[in-house]
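Notes follow the structure.
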Amino acid sequence: MEFLLLFVIATVSGVIGALVGLGGGVILVPATLFVGMNLGLIPNITPQTVVGLSVIMMIFIGMASTMSYMKSGTVDFKTGFIFFAGSIPGTILGAWVNKGLDLPSFNLYFGILLIIIATILIFRDKLKPVKWFVEHGTKFEYIDAQGEKHIYGYPIWFALALTFAVGFMSGLFGIGGGSMIVPAMLILFLFPPHVAVSTSMFLVFLTALVNSASHIALGNVPWLYTLAVIPGGYIGAKIGATLNKKLKSEQLVFSLRIVLLLLGIRSILDALL
């Protein structure tokens with residue numbers, strides 16, 4: 001029973017994560033904690049093992065998504081590696097801090113983060129792009145399928161500082177980081193949306209490699225459960241990447257905003273009560 005539940009949760013996480021560039025961890029972590037710890041349907045689940053499962057899943061979500069997006073030529077590999085360089089120390093630090101969190105503390109901090117992410121997503125379309133970062137940074141050019149040229153960019157120092165913070169959150173809570181980096185890529189660095197999502201998933205893949213190594217070393221990965229989570233996440237990511245090329249994802253993003261907001265409130269209430 002628990003394997004079927006984990007497979008379904010991972011598949012849904014993979015679809016949503018790849019479709020809108022979130023990585024999937026923001027769905028898997030709260031869903032698995034609720035089903036496993038609140039409902040008691042998944043034995044031997046703790047905040048640490050859920051994070052361990054999440055980072056292993058994100059390797060395969062990131063890999064499947066990146067392979068699909070490479071075919072459309074929307075992955076900015078140079079940016080992916082620059083962002084990865086900034087996230088490495090943050091990811092390792094976050095994984096180390098995670099081992100000291102009990103369930104109430106994890107729920108409280110994770111709930112606050114979910115509400116912040118939901119708020120960013122809610123107001124993302126209402127925020128005006130900030131051109132300063134492009135004007136004072138390294139510039140890149142992308143020509144889309146319609147022949148339209150897009151100029152985007154960022155100061156390297158700021159990108160490294162930002163991705164250190166994103167990496168820390170990723171290591172601490174087992175989320176992909178895309179939920180935080182994609183809005184920044186769109187609003188601050190003026191990335192074309194499809195390039196932002198594709199590059200975010202490449203970053204999720206690279207970050208998950210380091211993240212998983214840290215959590216494996218800390219003994220946080222329940223290997224038996226990965227047999228359900230890995231194929232679920234991989235299949236879901238393939239579906240999500242395919243849908244991304246065909247659909248406008250605004251309706252899903254809107255639903256995701258509400259879901260994350262409710263999950264964040266519930267997580268905080270669980271911690272306080």
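The C-alpha atoms of the chain define a longest principal axis, and helix 193-217 lies at about 40 degrees to it. Between Phe158 and Asp102, the FRET efficiency from the beta-carbon distance, with R0 = 30 Å, is close to 0.30.
Here's the list of aspartates and glutamates a cross-link from Lys149 could span, going by alpha-carbon distance under 16 Å and ignoring same-chain residues fewer than 8 apart: Asp76, Glu141. Over 28 Å apart at the Cα level, from the set Lys128/Lys238; Lys128/Lys245; Lys126/Lys246; Lys139/Lys238; Lys78/Lys131, are Lys128/Lys238; Lys139/Lys238. The C-alpha atoms of the chain define a longest principal axis, and helix 77-98 lies at about 30 degrees to it. For the chain, adding -39500 (n - 2.57) for each run of n ≥ 4 DSSP H residues and dividing by the number of residues yields -25000 deg cm²/dmol at 222 nm.
So, counting K/R as plus one and D/E as minus one, what does the shell of residues with Cβ under 14 Å around Ser68 add up to? Can you show the working numbers first?
Working: positive: Lys71, Lys238, Lys245, Lys246; negative: none.
Overall, the nearby charge balance is +4.
Couplings 3J(HN,Hα) for the stretch 124-132, derived from phi with the Karplus relation 6.51 cos²θ - 1.76 cosθ + 1.60 (θ = phi - 60°), are 4, 6, 8, 7, 7, x, 9, 7, 4 Hz, where x marks Gly and Pro.
Among Lys238, Lys128, rank each residue by its count of other Cβ atoms within 10 Å, from fewest to most, as a rough exposure measure.
By the 10 Å Cβ count, ascending: Lys128, Lys238.
Residues Phe77, Phe110, Phe7, ranked from the fewest to the most other C-beta atoms within 10 Å, line up as Phe77, Phe7, Phe110. A cut-off of 5 Å between modelled amide H atoms, ignoring neighbours fewer than 5 places along the same chain, links Thr138 with Tyr154, Ile156.
Pairing the Cα long axis of helix 223-246 with the longest principal axis of the chain, what angle in degrees results, from 0 to 90 and rounded to the nearest 10? Once rounded, the angle reads 30 degrees. Computed from phi, the 3J(HN,Hα) profile of the stretch 60-68 under the Karplus parametrisation 6.51, -1.76, 1.60 (θ = phi - 60°) reads 7, 5, x, 5, 4, 5, 4, 4, 6 Hz, with x in place of Gly and Pro.
Answer with a single label: of [x] 15.9; [y] 13.0; [z] 14.2, which was calculated as mean projected area of the Cα convex hull in nm² from the structure in view? From the options [x] 15.9; [y] 13.0; [z] 14.2, the structure gives [y]. Each residue of the stretch 43-52 was assigned a 3J(HN,Hα) from its phi angle through the Karplus curve 6.51 cos²θ - 1.76 cosθ + 1.60 (θ = phi - 60°); the sequence is x, 6, 9, 9, x, 5, 6, 5, 4, x Hz, with glycine and proline shown as x.
The numbers here are math on the coordinates, done by the rules we state, and not lab data. Everything numeric in this text was worked out from a predicted model, so none of it was measured. Please note: Cβ atoms are built from the backbone with ideal geometry, for glycine as well, and neighbour counts cover all protein chains shown.
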